Amino acid sequence: MIQYIVFDFDGTLADTIDAIKEVVSSEMNDINEEDFEFLRSEGIKKLIKRKNIPLHKLPKMILHFTSRLNAKKDIPLYPEMIPILHKLSSYYRLGIVSSNSEENIRQCLEKHQVEHLFDFVYSQSSIFGKHLVLKSMFKKHKLNPAEIIYVGDEDRDIIACKKAKIRTIAVCWGFNSEKRLREVNPDYVATSPKEIMDMLDIS
C-alpha cells in the first residue's frame, strides 16, 4: 500500500525549464531550440551522440551544470501543483528528492506556503545514477520502496525508480516529452497535475 509520494523538484513541482535552458546554453554554445526539443523527445544519450560530446567530459559537465542550477534563486512552483499538494497531503505523506540544493527547495516551498506539507527534502546527486540516490534516501528516512510512488518528469527518473523497485508517475509538463516518457514504461503518465489525483483515486 502506498504511504509516501516522493516528488522530483525541477520540472515536476518547480518551473525551472527556462533556467535549465539558460544554464545548458551557456555550457554548450552550439545548442539551440531544436536541440532542446530533440532532448525532450529522444533523451540525453541521443543528444550526446548528436552533439559528439566525449563521454569522459560528462562527469565534469554534470557537476558544473548542477552547481550553476543550484545557484538559481526565486524558483517558481507550477501554480497548478499547489492545490494538488494540499489535497495529496491529506491522504499521503509527501517528500522531495532532488539534485537541487535543500536551501533552494525550502526557500521555494516557504515562498508558496507549502513547506509544512512535506515530511522531508532529500538533496543529493550522483554521477553513477539516481537509483543510488533513491537507495540512500530509503536508508536515511527509513522508507520501504513498496510503500512509495515517485512523481518525476525525466526518463532517467523512471529508469532509476525501476532499478530501485519504486512505482512511478511520469509527468509531461517538465523536461522530457510524453513520447519519451512512455518509451521507458512508467506505471502511470500524467498530462496534467489533476491526473495525479485521478491515478491515486482521490476526488
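The values are calculated or read from the model by the stated rules, or taken from the named source; none is laboratory data. Everything quoted here is computed from the prediction, not taken from an experiment. Using ideal geometry, Cβ is built from the backbone for each residue, glycine included, and neighbour counts are taken over all protein chains shown.
What to note about this one:
- Pairing each residue of segment 81-104 that is within 17 Å of Asp201 (Cα to Cα) with any residue that is of a type in the set (S, T, N, Q) and in a loop (DSSP other than H, G, I, E, B), provided the two are 6+ apart or on different chains, yields C-beta distances under 8 Å for Tyr92/Gln3; Arg93/Gln3.
- Test result for Asp157, charged (D, E, K, R) and surrounded by 18 or more Cβ atoms within 10 Å (Cβ to Cβ): yes
- For Lys135: the one exception among (1) closer than 30 Å to Glu34 by Cβ; (2) not aliphatic (A, V, I, L, M); (3) not in a strand (DSSP E or B): (1)
- Condition check for His86: modelled with pLDDT of 90 or more and not hydrophobic (A, V, I, L, M, F, W, C): yes
- Segment 89-117, residues that are within 18 Å of Asp157 (Cβ to Cβ) and modelled with pLDDT of 95 or more: Leu94, Gly95, Ile96, Val97
- The set of residues in segment 170-198 being surrounded by 18 or more Cβ atoms within 10 Å (Cβ to Cβ) and among the aromatic types (Phe, Trp, Tyr) consists of Phe175 alone.
- Scoring Gln113 on the criteria (1) part of a loop (DSSP other than H, G, I, E, B); (2) under 22 Å from Met197 (Cβ atoms); (3) in contact with an Asp or Glu (Cβ under 6 Å, 6 or more places away or on another chain) leaves a single failure, condition (3).
- Subset tally (residues that are small (Gly, Ala, Ser) and over 18 Å from Leu39 (Cβ atoms)) for segment 161-191: 2
- Unmet requirement for Leu132, which otherwise passes all of (1) within 29 Å of Gly43 (Cβ to Cβ); (2) surrounded by 15 or more Cβ atoms within 10 Å (Cβ to Cβ); (3) in contact with a helix residue (DSSP H, G or I) (Cβ under 8 Å, 6 or more places away or on another chain): (3)
- Hits in segment 138-192 - residues which are of a type outside the set (D, E, K, R) and assigned to a strand (DSSP E or B): Ile148, Ile149, Tyr150, Val151, Gly152, Thr168, Ile169, Ala170, Val171, Tyr188, Val189, Ala190
- Of all residues in segment 181-203, those that are without any contact (Cβ under 8 Å) to a residue 60 or more places away in the chain and under 9 Å from Val171 (Cα atoms) have Cβ atoms under 9 Å from Cβ atoms of residues that are buried (at least 16 other Cβ atoms within 10 Å of the Cβ) and among the polar types (S, T, N, Q), 6 or more apart or on another chain, in Tyr188/Thr168.
- Set side by side, the residues Ser136, Ser192, Ser98, Ser89 differ, and just one is within 15 Å of the chain's Cα centre (by Cα) and of a type in the set (Ser, Thr, Tyr), which is Ser98.
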